[in-house]
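Notes to accompany the following structure.
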Amino acid sequence: MSDFEPKIIAFVCNWCTYAGADLAGTSRIKYAHNIRIVRFPCTGRIDFMLLLKAFQSGADGIIVSGCHPADCHYTAGNYHARRRWIVFQNLLNFLGIDTRRITFSWVSAAEGAKWGHLVNEVVDNIKKIGPYTEYAKLGKIGIGSISEGNYARIE
Amino acid sequence: MKILSGKIMNYKTLKIDNLDLFFNEIKKSGKNLLVPKKKGKTTYFSSFININDVEFNYIQTTISPKSALFPKVEELISFKKDDGTYVVTEPSIEKETIVFGLRPCDAVGLEYLSNFFLNEKSDFTVRLRKENTTLITLACKNFDENCFCTSVGLSPASIKGSDICLTDIGNGLFYAEIITDKGEKLIAEHSALFSNAEKINKESYVAQVPLKFDSDNLIKNIKNYYNSEKWTINSLPCLGCGACAFVCPTCTCFNIEDEANPVCGTRLRCWDSCAFGIFTLHASGHNPRPIQSNRWRHRVLHKFGYSVTNMDTLSCVGCGRCIRVCPAGMNIIEQILDLQEA
Amino acid sequence: MQELNNKIAELLTNNLVSIFISYKKGLNGKIKPAFFTKPNEVYENYFGDEAQQNLAVYVHKPEVKKYSKVGILANIFALKALLQLYAENQIKDNYLTIVTVNQDNKVIVFADFNEIESYIAQHQIEKNTNKQKEINELLSLSREKRWEFWVEQLSSCIKCYACRAICPMCYCSKCTVELNQPQWISVPAHSLGNFEWHIMRMMHLACRCINCQECSRVCPMNIPLHLLTTKINSDMEEEFGQIAGMKTTLDFALNTFKVDDYENFIR
């Protein structure tokens, strides 16, 4: 497993975490390069389906991050997002989707160091858990006639 | 409409106790065997694993066996970018398939379905699947109030479309009519299990389904029904889901979906239903069937009118699945009786 | 049920409603929705345990909306659905006449939605402990086993959308799943498309679902959708103390927040 380099997708808000990640860069803080950052206007904009799309496209881990409570650029976007995550996490867990691979965090524009730590931690953790292919494989199940596993179990 | 019959090549008997052996032999030979299975209230076709999973106690399976020829999602073509060039592949069609336990009406339904796909332009996936599929029909011993095969010119004894037709004749025996070369070939491979038999009159062993309506009269008058007010009244419960079309053995409508990114992708053919509101929605925004009564009318008239004009056959085989599965209790028999009454 | 029939006939005769939605027995003995427009049709009316369908779904149907005044026979689930729809501004005032039959077989005609609110408060539906047990059993399994269970269940989905059609809370005139340029939810009925569809539907129904479990009843493939709805409902109640279909005012957990919502899962 030592040569496994996980793909981590980070959905971050423009005002805090993206700026925080920027600060990490300008402060020359080194952190794992496994991360691909997608910038959003606000955590409230991060649709739950985006997380699933990331898993579908082969992400091994996901970070969702935005402004601390009371710091939202749009006043309350992060509060709404927080509720949505609670519901979504419970639902995913019930469906058996590996929620250990989704990390939620608050990283402000001043917390470049926290961002670096967070990414390192997540990458280490996902390296330990291993690659995530279950969800991405779903797109191949159920195509073809019944003999090809229309109703069949996952192999 | 006369009771459809074909030339029967041979007659055999098979001990019901030997069915397990028969299934296992087929499985061992590497062919794919689809048998009815039960999951809660649903009966559907799935690959044979064990004789104990096989369901025999059903009037009609909830889901039709049409996915053996026309799966709910199938790949038509796929592409992949490899070293800067695109490689296009056509899907390979799977191994030989044997469907066991479909009803005589289903066999006719599958024949209609394959004729639809193969008559004018030969659809290659359906053609290959059809060539590779052997249908072992199980004649009905029971029926319920939703069965109306006799009203559309069929009967629980009809053998049209089947390769082998089995009838339970009591004493633990199946009476087997071998109808096609495919059926003959399959029997020959397992000849030890079958013994020769004389032709018998199987009418007394199958269900006697009462006539629900007069289809000749319906076909003759179908043009007069287009403007009937009964469509609106009777379709009020209809909610516009696709359950009726998806369980129907003769519904052939499909939708092409491309799932692709710049690196790889597939073109998929998926089931579609005329009951969906957006089924006929034009790009302009115009919808020729804007309300549910129009869609319901289209479905019924297609089964009993348009397909008679286009393909010279009814495209309803009277299996009654749409009636059993409808969430809102829509009933095609009721609709036809109402039309004829008016 | 003579009292009910008389009431419906009376409403129709006095032009208080132009159509009344109730149940009747179909040709095959199956109970199906009935749409009475004339008092002399009401003899067909059926009321009993077999009448399960949640009739509130017909309130959105364009053909029904054409009638100026609609009467509806509502069981407790339909009442909850209608109340939730009212809270979501989907029902005009003075458009519906809502009739129910209580446990003592007494016919009640509601004057307004406040009465429905208090009726529902008095007639709490007992929590189905069996469903909760099934959920707990699933949750006690390992994640991998749970995943296997749901892959098997959801792979069989044929995407007939009967769950959506029967659902009184699924009233969007255009569903996300029908948009394909650009496509957001994978439309084909392969397992990925099925997961996306059911997860999206559940998220959109969170705290709006009144848990009538019609989706589960009508599924041709017998997918236990009631487990998902019950789970998401009990989550909403536990986490935010909100239950759909209880109030005339909109109280939608995902539309609001509390500053002190828990966040122990956020780093």
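An oblate overall shape is assigned to chain B, the ratio a/c of its alpha-carbon gyration tensor axes (a ≥ b ≥ c) being 1.5 or greater and a/b not exceeding b/c. Average accessible surface for the stretch B:215-341: 39 Å² per residue, computed with a 1.4 Å probe over protein heavy atoms with every protein chain in place. Accessible area ranking (1.4 Å probe, heavy atoms, ligands and nucleic acids excluded), largest first, for C:Glu238, B:Glu131, C:Glu178: C:Glu238, B:Glu131, C:Glu178. Ellipsoid semi-axes for the protein assembly as shown, based on the Cα gyration tensor and the rule √(5λ), read 47, 37, 22 Å when sorted largest first.
The B and C chains share an interface that buries close to 3300 Å² of accessible area, total over both sides, probe 1.4 Å.
3J(HN,Hα) along the stretch C:254-267: 8, 9, 9, 7, 10, 4, 9, 4, 5, 9, 5, 8, 9, 8 Hz, from the Karplus curve 6.51 cos²θ - 1.76 cosθ + 1.60 with θ = phi - 60°, whole Hz, x for Gly and Pro.
Quick check on chain B: helices-only [θ] at 222 nm, where DSSP H runs of length 4 and up contribute -39,500 (n - 2.57) each and the sum goes over total residues. Nearest 500, please. Walk me through the numbers before you get to the answer.
Numbers: 11 runs with 89 residues, N = 342.
When only DSSP H runs of four or more count, the value is -7000 deg cm²/dmol.
Scaling against 2.2 N^0.38 Å puts the C-alpha radius of gyration of the stretch B:131-263 at 1.48.
Going from the chain on its own to the full set of protein chains, the stretch B:271-306 has these residues losing 10 Å² or more of accessible surface (heavy atoms, 1.4 Å probe, no ligands, DNA or RNA): B:Trp271, B:Phe276, B:Ile278, B:Leu281, B:Ile291, B:Gln292.
Can you give the Kirkwood hydrodynamic radius of the stretch B:215-341 from its Cα pairs, in Å with one decimal? The partial results should precede the final answer.
Details: mean 1/r = 0.0631 Å⁻¹.
About 15.9 Å for the stretch B:215-341.
The A-B contact accounts for approximately 1100 Å² of buried accessible area, totalled over both chains at a 1.4 Å probe radius. Rounded to 0.05, the FRET efficiency of the B:Gln340 and B:Met9 pair, given R0 = 45 Å and the Cβ-Cβ distance, is 0.70.
Given charges of +1 on the Cβ of Lys and Arg and -1 on the Cβ of Asp and Glu, with all other atoms neutral, how large is the dipole of chain B about its Cα centre, in debye to the nearest 20? Please list the in-between numbers first.
On the way: 40 positive and 38 negative charges, 65 e Å.
That gives a dipole near 320 debye.
Burial annotation for the stretch A:86-106: residues with an accessible-area loss of at least 30 Å² between the isolated chain and the complete set of protein chains, computed on heavy atoms with a 1.4 Å probe, are A:Ile86, A:Val87, A:Asn90, A:Leu91, A:Asn93, A:Phe94, A:Leu95, A:Gly96, A:Phe104, A:Trp106.
Rolling a 1.4 Å probe across all protein chains gives C:Phe257 an accessible area of roughly 60 Å².
Residue-wise HN-Hα couplings along the stretch B:97-111, as the Karplus relation 6.51 cos²θ - 1.76 cosθ + 1.60 with θ = phi - 60° gives them from phi, are 10, 10, 9, 10, x, 6, 8, x, 5, 5, 4, 5, x, 5, 5 Hz; Gly and Pro carry x.
Rounded to a whole number of µm²/s, how large is the Stokes-Einstein D of chain A at 20 °C and 1.002 mPa s, given Rh as the Kirkwood radius over C-alpha pairs?
The calculation lands on 130 µm²/s.
Legend note: in chain C, cysteines whose Cβ sits 4.7 Å or more from every other cysteine Cβ are C:Cys157, C:Cys160, C:Cys172, C:Cys175, C:Cys207, C:Cys209, C:Cys212, C:Cys219. In this structure B:Arg295 has an accessible area near 20 Å², from a 1.4 Å probe over the protein heavy atoms.
Amide H contacts under 5 Å for B:Lys15: B:Phe174, restricted to partners 5 or more places along the chain or on a different chain, H placed in the peptide plane at 1.01 Å from N.
As a calculated quantity, the FRET efficiency between A:Tyr74 and A:Thr26 at R0 = 25 Å, using C-beta atoms, amounts to about 0.50.
Distance between the pseudo-spin-label points of C:Lys65 and B:Ile49 (7 Å out from Cα toward the beta carbon): 4.6 nm.
Inter-part distance, the stretch B:88-141 to the stretch B:23-46, computed on C-alpha centroids, equals 16 Å. Each residue of the stretch A:135-142 is assigned a 3J(HN,Hα), and the resulting list reads 5, 4, 5, 3, x, 9, 8, x Hz, derived from the Karplus form 6.51 cos²θ - 1.76 cosθ + 1.60 (θ = phi - 60°), x at Gly and Pro. Taking every protein chain into account, the 1.4 Å probe leaves C:His60 with about 40 Å² of accessible area, to the nearest ten.
A Cβ-based charge dipole, computed about the Cα centre of the stretch B:215-341 with Lys and Arg at +1 and Asp and Glu at -1, lands at about 60 debye. Between B:Ile77 and C:Asn255, the modelled label-to-label distance comes to 4.7 nm, taking each label 7 Å out from Cα in the direction of the beta carbon. Under 5 Å between amide hydrogens, built in the peptide plane, is the criterion, and for B:Thr133 it picks out B:Thr97 among residues at least 5 positions away or on other chains.
Legend: distances between Cα atoms for B:Lys160/B:Lys185; A:Lys128/C:Lys258; A:Lys140/C:Lys133; C:Lys80/C:Lys133; B:Lys41/B:Lys141; pairs beyond 26 Å are A:Lys128/C:Lys258; A:Lys140/C:Lys133.
Approximating the spin labels as points 7 Å out from Cα along Cα→Cβ, the C:Glu263-to-C:Gln90 distance works out to 3.3 nm. Given a 1.4 angstrom probe, I'd like the percentage of the accessible area of the stretch B:215-341 that is carbon and sulfur, rounded to a whole number. Using a 1.4 Å probe with all protein chains present, the stretch B:215-341 comes out at 52 percent carbon and sulfur.
The values are calculated or read from the model by the stated rules, or taken from the named source; none is laboratory data. Everything numeric here is computed off the predicted structure, so don't read it as measured data. Because the Cβ atoms are built from the backbone with ideal geometry, glycine has one as well, and the counts that use them run over all protein chains shown. With ligands, DNA and RNA removed, areas are computed over all heavy atoms of the protein, side chains included. Shrake-Rupley method; radii C 1.70, N 1.55, O 1.52, S 1.80 Å.
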